[in-house]
Amino acid sequence: MDKEKNSIQTKKNKADKKKVEKNDKFFKGKSPNGMAKKFEVKFKFNLRNFFTWLLVGFLILSFFFSLKGPIPQGEKNLAQVLNDIKEEKVEEVGIEGETLLIKYKDGGLYNSRKEPQVSFDEILRNAEINPLDVNFEVKDQSMLKAWGSILEILLPVVLTGIIFLWIFRQARGAQDSIFSFGKSKAKLFSKGKQKVKFTDVGGVDEAKKELEEVVDFLKHPKKYQALGARTPKGVLLVGPSGTGKTLLAQAVAGEANVPFFSMAGSEFMEMLVGVGASRVRDLFSTAKKAGSSIIFIDEIDAIGRARGLGASGGHDEREQTLNQILVEMDGFSPNDNVIIVAATNRADLLDSALMRPGRFDRLVVLDLPDIEGRKKIVEIHRRGKPFDKSVSWEKAARRTVGFSGADLENMLNEAAIKAARENKKAISWDDIEEAATKVKLGPEKKRLQTDLDRLMTAYHEAGHAVVTYNLSKMDTVHRVSIVSRGMALGYTLIPPKRDRIHETQSHLLETIVSLLGGRAAEEIKFNEFTSGASSDIAQATRIARKMVIEYGMSELGPINLGPQIDVSDWGKSYFEPSKASPEMSAQIDKEIKKIIDEAYIKAIKILKEKRKKMDLLARELVKKETIEDEEFEALMKK
């Protein structure tokens, strides 16, 4: 029995111990949902909070006042009260200071007042009333009432003071805003707060290698100064939109672990003359005080354009701001570990003084990513998203030739949205395919079309597809559809198989033939032209014009006959219109027409030879609306 009792007691002690440990753990805040963490409240004192809490306190006191008891029906004079006492109408008298609360036997409740220095006992005796015959009670004056009396005096004074203080602060703020007009509006990302690293940037390996030296200098400046190397003053990032210029600048700040000042070029400009230059001075002064730091100026072409070309001359506000930037960058001492990183997609517009060594020492060009770059970008942006095992990232990279990093991120986001809308557990390849088409051409549009309109669109797109299939230099057709997207009633998708660095004359000519395939199909089938080929004609004409006046791919020879940017002896760049004579302009027009006519004749010839294939593809498009690459290949080989 004793053993059993001991074992039971031991189990009970262990259970109690576990319960105590559990409670300790709970109240120490170790639990992720613990009470200690749940009820944490942080107070921050300011004028607004003080006024709010004062108002809350006043409301609470008013609430307590309302709980004191029943509200009297009115007030009676003391003589009438004494007369009612004599007539035995009064049940009870409550005395609180000079205030009398008279409770009548019929349930009535009234207030009355007595003289301050005379006791109620003495008042009764003077009225020839025996105090022992009256039921009265002397109460201490209520603390709440005392506080209420104090608040009645102090509250108007406090409120008036708060109002005057608020008015003075507003006036001082307006005055400060006038004098702070020339202060920099740069956003500061403090040291260690910038979380973007080089691992978060893909597809720009060459640019990252250039910037790794900048990071190493910011981390170990003495190593370079010991060998006499000076501080690189600036790095200019140039590239199309969406290639990651801003992201690279953030990654440099994140890797170097230094303060990062970010400001757009347009933020320097204001209505008042001289404000931009003042902001430049303040920005550079603040960055120097921070020690090793980075100043990032996005879209620097807003203030860095070539000087002397505007109508307002040298006193223009933009030119003054640029002059101040030039002075600040050239005025750095060798020990100032401040590096300027600027980004633009219009480097051709920048002033030559800004581009020279000693100001922007390094020019980093960011191009659209190649297939390996797209793989890395997709790998970064697919983090945190579930995908089907059937998704091929090699295929996705080949499918997105010409996409920028921003396009790829948007594509994966659109794929995730589509999968979530359809209540899927993972993102499939169909979602990615649809998202890529949406990013490139726009969303699907269900337009009301007649049967004739659908048939015309089907033959137009069939003409593009059949002509492209029978051209040796063209890429394969990926999809043919008569579903409207963007401004187009249909589309033939021909993504390039590889990243083209050089364009050959034969490929450009076949591209023009492919573009004119839709117009040729309309003429063969309907013996009629439609307005649906307008964008194809414009694009074909643009390619032919470039071949003649820029690429030298015509009988006129290798001569640039178009407008160009000229650079004078003083380093000033300006736009120069074409200097072609009227006779040469006429020959240019003849060469362009010759290229277009020969391409159209070739498209007509192909479609007449493959008329059955065109009719078959058009009928299938009317039935199914969209035909993918494998089905298209099967139809062409049937």
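Every number here is computed from the coordinates shown, using simple stated rules; none is lab data. Note that the coordinates shown come from a computational prediction; the quantities given were computed from them, not determined experimentally. Cβ atoms come from the backbone with ideal geometry, glycine included; neighbour counts cover every protein chain shown.
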Point to revise | HN-Hα J in Hz across segment 500-505 - Karplus 6.51, -1.76, 1.60, θ = phi - 60°, x for Gly and Pro | key: 8, 8, 10, 9, 8, 5
Exercise for review: Quick one: what are the phi-derived ³J(HN,Hα) couplings along segment 601-610, Karplus 6.51/-1.76/1.60 with θ = phi - 60°, whole Hz, x for glycine and proline?
Suggested key: 4, 5, 5, 4, 4, 4, 5, 5, 6, 10
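What is the order of 222, 608, 438, fewest Cβ neighbours within 10 Å to most?
In order of increasing Cβ crowding within 10 Å: 222, 608, 438.
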Review point. If you put +1 on each Lys and Arg Cβ and -1 on each Asp and Glu Cβ, how big is the dipole of segment 70-139 around its Cα centre, in Debye rounded to 20?
Key: 140
Review point. In terms of Cα to Cα distance under 14 Å, which aspartates and glutamates are near enough to residue 375, apart from those fewer than 8 places away along the same chain?
Key: 200, 205, 394, 407, 409, 499
Review point. Residue by residue, what Karplus-based ³J(HN,Hα) values in Hz, rounded to whole numbers, does segment 463-471 have, using 6.51, -1.76 and 1.60 with θ = phi - 60° and x for Gly and Pro?
Key: x, 4, 5, 5, 5, 4, 4, 9, 10
**Study point:** Separation between Cα centres of segment 538-561 and segment 457-531, rounded to whole Å
**Key:** 21
Exercise for review: For residue 234, list long-range residues whose amide hydrogen, built 1.01 Å from N in the peptide plane, is under 5 Å from its own amide hydrogen.
Suggested key: 340, 361, 362
Check your understanding: In debye, nearest 20: dipole of segment 360-449 around its Cα centre with unit charges on the Cβ of K, R (+) and D, E (-)?
Key -> 340
Check your understanding: What order do you get for 529, 632 when you list them from fewest to most C-beta neighbours inside 10 Å?
Key -> 529, 632
Practice item. List 102, 592 from most exposed to least, where exposure is judged by having the fewest other Cβ atoms within 10 Å. Key: 592, 102
